[in-house]
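Student: Okay, here's the structure, questions in a sec.
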Amino acid sequence: MRGDQHEMSFIDHLEALRWHIIRAAIAVVAFATAAFFSKELLFHDLILGPSRADFWTYRMSCKFAAWLGAPDLCINKIGFVIQNREMSGQLTMHISTSFIVGLVLGFPYLFWELWRFIKPGLYPHERQNSQGAVFFVSVLFALGLLFGYYIAAPMSIQFLAGYVVDPTIENQIDMQSYLSTLTTMSVACAFVFELPMIVFFLAKAGLITPEIMQVYRKHAIVVVLVIAAIITPPEVTSQIIVTIPIVLLYELSIHIARIVTRNRTASLNAQLAENQGVA
């Protein structure tokens, strides 16, 4: 422990961590249980939403296509059927999906418990500089999750499941494959959106500066394109749509690093002046 709090032994730290983990696990189980007993909402409305033509993203694509005068951009039909090929497949998916939803919904609380464990070990000025961390991490996670669910995942599902090499081959998608694509895309975007907070903490620690980020901007864009290529189908439009917000997040992170570095420099200069005055 730091500051005016008493010193804790290694065993005390392990005991404190254990209770943080237990409380976080209880929260995840509670959310997962609630999701399990909300089967219709969970599957019909959320999980299977991107598999129907009336999904919000597809309806917006048709409005956008009409506005551009490009009817080919309108997604008004679904070219695949979701199937279950295992006896216990639907039960297994019900349980696993409920657990994933529990983790996603419980993420803000998980981070809060982690922060409660880390925070007492920080110096007073470090705690002061990190105020609002839980809030901003949770907000960015939610924004990334929504972006993945409504933009990245539907476009990937529509492209991959609707792609055919011959009209005589019907796409009958296994439900586990569909679920894996949906959750991977959504959760991946949720964590990618945490870039500004990662840069914030690295800049606070003096490990990164806006100058470094500007110098390596071109390299970062290449990395962003690679990430977009990994989490999207091999189709240019989808990759561009995913790339744009990530690049904007990188530019925002440069601005954040600039502010943090400026404040950090001012604080160090003030402390140095104070020490010289005392001397």
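The values are calculated or read from the model by the stated rules, or taken from the named source; none is laboratory data. What you see is a predicted model; the values in this text were computed from it and never measured. Cβ atoms come from the backbone with ideal geometry, glycine included; neighbour counts cover every protein chain shown. The protein model used for the area step is the full one, side chains on, heavy atoms only, and it has no ligands, DNA or RNA in it. Shrake-Rupley method; radii C 1.70, N 1.55, O 1.52, S 1.80 Å.
Student: Residues that are closer than 23 Å to residue 246 by Cβ, small (Gly, Ala, Ser) and at pLDDT 90 or above: does the range 91-99 have at least one?
Tutor: Scanning the range 91-99, I find no residue that is closer than 23 Å to residue 246 by Cβ, small (Gly, Ala, Ser) and at pLDDT 90 or above, so the answer is no.
Student: Let me ask something else. Please report, ordered by residue number, the helices (runs of 4 or more DSSP H) entirely within the range 172-271 with at least 3 residues that are under 15 Å from the mean Cα position of the chain (by Cα).
Tutor: In the range 172-271, the matching helices (runs of 4 or more DSSP H) lie at 175-192, 195-204, 217-231.
Student: Among (1) under 23 Å from residue 204 (Cβ atoms); (2) part of a helix (DSSP H, G or I), where does residue 97 come up short?
Tutor: (1)
Student: Same structure again: Going by what's in this entry, would residue 61 be described as among the hydroxyl-bearing types (Ser, Thr, Tyr) and surrounded by 14 or more Cβ atoms within 10 Å (Cβ to Cβ)?
Tutor: Spelling it out, residue 61 is indeed among the hydroxyl-bearing types (Ser, Thr, Tyr) and surrounded by 14 or more Cβ atoms within 10 Å (Cβ to Cβ).
Student: All but one of (1) modelled with pLDDT under 75; (2) open to solvent by less than 90 Å² (accessible area, probe 1.4 Å) hold for residue 251, so report the exception by its number.
Tutor: For residue 251, the exception is condition (1).
Student: Taking the conditions exactly as written (closer than 29 Å to residue 43 by Cβ and modelled with pLDDT under 90), does residue 274 satisfy them or not?
Tutor: Here the answer is no, as residue 274 does not meet what is asked.
Student: Which residue, of 18, 23, is at negative phi and at pLDDT below 90?
Tutor: 18
Student: Return only the number of the condition from (1) of a type in the set (Ser, Thr, Tyr); (2) more than 28 Å from residue 118 (Cβ to Cβ); (3) surrounded by 15 or more Cβ atoms within 10 Å (Cβ to Cβ) that residue 186 does not satisfy.
Tutor: Condition not satisfied by residue 186: (2).
Student: Given the conditions (1) open to solvent by less than 40 Å² (accessible area, probe 1.4 Å); (2) modelled with pLDDT under 70, and given that residue 237 satisfies all but one, which numbered condition is not satisfied?
Tutor: Going through (1) open to solvent by less than 40 Å² (accessible area, probe 1.4 Å); (2) modelled with pLDDT under 70 one by one, residue 237 breaks only (1).
Student: Could you list, in sequence order, the residues of the range 46-56 that are in contact with a helix residue (DSSP H, G or I) (Cβ under 9 Å, 6 or more places away or on another chain) and surrounded by fewer than 18 Cβ atoms within 10 Å (Cβ to Cβ)?
Tutor: Passing the criteria: 46, 48, 52, 53, 56.
Student: If I filter the range 128-143 for residues that are without any contact (Cβ under 8 Å) to a residue 24 or more places away in the chain and surrounded by 15 or more Cβ atoms within 10 Å (Cβ to Cβ), do I get at least one hit?
Tutor: Looking through the range 128-143, none of the residues is without any contact (Cβ under 8 Å) to a residue 24 or more places away in the chain and surrounded by 15 or more Cβ atoms within 10 Å (Cβ to Cβ).
Student: Let me ask something else. Give the residues of the range 100-118 that are in contact (Cβ under 8 Å) with a residue 60 or more places away in the chain and either open to solvent by 50 Å² or more (accessible area, probe 1.4 Å) or not in a helix (DSSP H, G or I) (or both), sorted by residue number.
Tutor: Of everything in the range 100-118, those that are in contact (Cβ under 8 Å) with a residue 60 or more places away in the chain and either open to solvent by 50 Å² or more (accessible area, probe 1.4 Å) or not in a helix (DSSP H, G or I) (or both) turn out to be 100, 103, 105, 109, 110, 114, 116, 117.
Student: In a helix (DSSP H, G or I), surrounded by 12 or more Cβ atoms within 10 Å (Cβ to Cβ) and among the aromatic types (Phe, Trp, Tyr) - does that describe any residue in the range 75-87?
Tutor: no
Student: A further question follows. Please go through the range 146-171 and give me each residue that is surrounded by fewer than 21 Cβ atoms within 10 Å (Cβ to Cβ) and either in a loop (DSSP other than H, G, I, E, B) or modelled with pLDDT under 85 (or both), ordered by number.
Tutor: 159, 160, 162, 163, 164, 165, 166, 167, 168, 169, 170, 171
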